[in-house]
1. For the range 17-74, with every protein chain kept in place, what is the accessible area per residue (1.4 Å probe, Å²)?
2. Based solely on C-alpha atoms, express the radius of gyration and the Dmax of the chain in angstrom.
3. What size of dipole, in debye to the nearest 20, comes out for the chain about its Cα centre when the only charges are +1 on Lys and Arg C-beta atoms and -1 on Asp and Glu C-beta atoms?
4. Leaving out ligands, DNA and RNA, and with a 1.4 Å probe, what % of the accessible surface on the chain is carbon or sulfur?
5. With each run of n ≥ 4 DSSP H residues scored as -39500 (n - 2.57), what mean residue ellipticity at 222 nm is computed for the chain after dividing by its residue count and rounding to the nearest 500 deg cm²/dmol?
6. Any chance you could list the semi-axes, whole Å, largest first, of the equivalent ellipsoid that the Cα gyration tensor gives for the range 50-93, using √(5λ)?
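The values are calculated or read from the model by the stated rules, or taken from the named source; none is laboratory data. The structure displayed is predicted, hence computed values, not measured ones. Virtual Cβ from ideal backbone geometry, glycine too; neighbours counted across all protein chains shown. Just so you know, the surface numbers come from the protein's heavy atoms only, side chains and all, with ligands and any DNA or RNA stripped out. Shrake-Rupley method; radii C 1.70, N 1.55, O 1.52, S 1.80 Å.
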Amino acid sequence: MGYFLSLGANARIMHASSVLAFSLINIFKLPAYVGMGIITNDLLMLGIGCLPFVIVGVLLGKYLHTKISTEVFNTLAYIGLVLASCRLLWDVV
């Protein structure tokens with residue numbers, strides 16, 4: 001995300017790139033997880049139970065995408081990056 005912010009990319013490009021990257025990563029990880037037995041029926045049931053929250057999140061994200069200016073989005077993205085960095089540093093120490 002920091003890379004796209006430094007390029008001055010708009011929120012749509014950042015969102016689309018993030019979705020594409022994480023989707024591809026997860027698709028490639030799926031066979032290994034199935035092979036190791038990490039994905040179980042209980043986990044699949046939990047995932048199905050979370051689907052309503054995913055749908056609400058997607059709809060809320062789509063709505064906010066049209067309502068938040070690029071400046072506000074970039075500010076929130078930088079705050080998120082700083083918080084994530086602090087969390088990682090905290091976990092190391």
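1. That works out to 84 Å² per residue.
2. Reported Rg and Dmax, both Å: 16.7, 44.
3. Roughly 200 debye, rounded to the nearest 20.
4. With neighbouring chains kept in place, the figure for the chain is 75 percent.
5. About -30500 deg cm²/dmol.
6. 26, 18, 4
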